[in-house]
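Data first, discussion second: the structure below is written as structure tokens.
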Amino acid sequence: MIYLPLSKSSWIEGRIGPEKYQDYFLIVKKSINLLKNKSDQILLLSDFKSKQAKNSELENMINICKSFNVNESNIIVKKYGYDTLSQIEFSLDLCKETKNDILIISSLLHYPRVRWITYRINKKYNVCVEHKIALGIPRVNDLVFDIILMFTYPVIDMFGYSKRFTDHMKIRRDKGYLL
């Protein structure tokens, strides 16, 4: 089983409250708690570093795993993906190639989009997918963005604009901007 903590904005700078209550921290923590045996692995996936953060998203997720003494053999680290679509597609492709099931952990407001994208893309891969939600304090920008995308992303996707949306996000995130 591969656990994918699909956390967003995985850095503490600019957030309200202690790190241990943040959604990104609790998403990674939940994936750590789910490790049941030596063959299970956590897939840490991101290629984004915000201008406002000291570390990249990936570095922060790795540091959380290290703080809970997760065995390195249980972690797959891939510097890949700026957005939900590309990360899910990469994960499903990896699971198909390695013949693994996947459990995706996301925040409450990110979950509907994660579920939609996974459902649509997994038709191509036919991987056994489960979902879990971790509750924590979201970044205010993410909260607003996720509520808007909860309703608009399926429409964007049905009209074939998801790739264009992904390309736009990559341009913004290459410059270090979240939105």
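The values are calculated or read from the model by the stated rules, or taken from the named source; none is laboratory data. In this text the structure is predicted, and so the values were computed from the model without any measurement. We place every Cβ from the backbone using ideal geometry, glycine too, and count neighbours over all the protein chains shown.
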Exactly one of VAL129, VAL114, VAL140 is more than 14 Å from ASP23 (Cβ to Cβ) and out of contact with any Cys (no Cβ under 8 Å at 6 or more places or on another chain), and that residue is VAL129
Some residue of the stretch 113-127 being free of Cβ contacts under 8 Å to residues at least 60 places away in the same chain, farther than 23 Å from LYS175 by Cβ and outside any helix (DSSP H, G or I)
yes
Looking at this structure, is PHE151 in contact (Cβ under 8 Å) with a residue 12 or more places away in the chain, in a helix (DSSP H, G or I) and hydrophobic (A, V, I, L, M, F, W, C)? no
With criteria (1) in contact with a Leu (Cβ under 6 Å, 6 or more places away or on another chain); (2) of a type in the set (S, T, N, Q); (3) at pLDDT below 90, ASN37 comes up short on (1)
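Does the stretch 83-100 include one or more residues that are within 22 Å of PHE165 (Cα to Cα), touching a residue at least 24 places away in the same chain (Cβ under 8 Å) and in a loop (DSSP other than H, G, I, E, B)?
In the first step, residues of the stretch 83-100 are kept if they are within 22 Å of PHE165 (Cα to Cα); the result is 83-93.
Subset that is touching a residue at least 24 places away in the same chain (Cβ under 8 Å): 83-93.
Subsequent filtering for residues that are in a loop (DSSP other than H, G, I, E, B) retains 83.
Yes, the stretch 83-100 contains a residue that is within 22 Å of PHE165 (Cα to Cα), touching a residue at least 24 places away in the same chain (Cβ under 8 Å) and in a loop (DSSP other than H, G, I, E, B).
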Selection from the stretch 100-113 of residues over 14 Å from TYR3 (Cα atoms) and either of a type in the set (A, V, I, L, M, F, W, C) or over 14 Å from the mean Cα position of the chain (by Cα) (or both) yields LEU108, LEU109
If we keep only residues of the stretch 1-54 that are among the small types (Gly, Ala, Ser), crowded, with 23+ Cβ neighbours inside 10 Å and in contact with an Asp or Glu (Cβ under 6 Å, 6 or more places away or on another chain), then the residue farthest from LYS66 (Cα to Cα) is SER9
Of the listed residues (GLU72, GLU97), the one being farther than 14 Å from TYR3 by Cβ and at pLDDT 95 or above is GLU97
Scanning the stretch 1-59 for residues that are part of a strand (DSSP E or B), under 21 Å from ASP83 (Cβ atoms) and not aromatic (Phe, Trp, Tyr) gives ILE2, LEU4, PRO5, GLN22, ILE42, LEU43, LEU44, LEU45
For ILE121, are the conditions met, namely being more than 19 Å from PHE48 (Cα to Cα) and among the hydrophobic types (A, V, I, L, M, F, W, C)?
yes
In the stretch 119-135, residues that are β-branched (Val, Ile, Thr), out of contact with any Phe, Trp or Tyr (no Cβ under 7 Å at 6 or more places or on another chain) and within 15 Å of SER31 (Cα to Cα) total 1
Within the stretch 148-170, of all residues that are among the aliphatic types (A, V, I, L, M) and exposed (fewer than 12 other Cβ atoms within 10 Å of the Cβ), the one nearest to GLN52 (Cα to Cα) is ILE148
Is it the case that some residue within the stretch 138-151 is modelled with pLDDT of 95 or more, among the basic types (Lys, Arg) and closer than 22 Å to ASP174 by Cα?
no
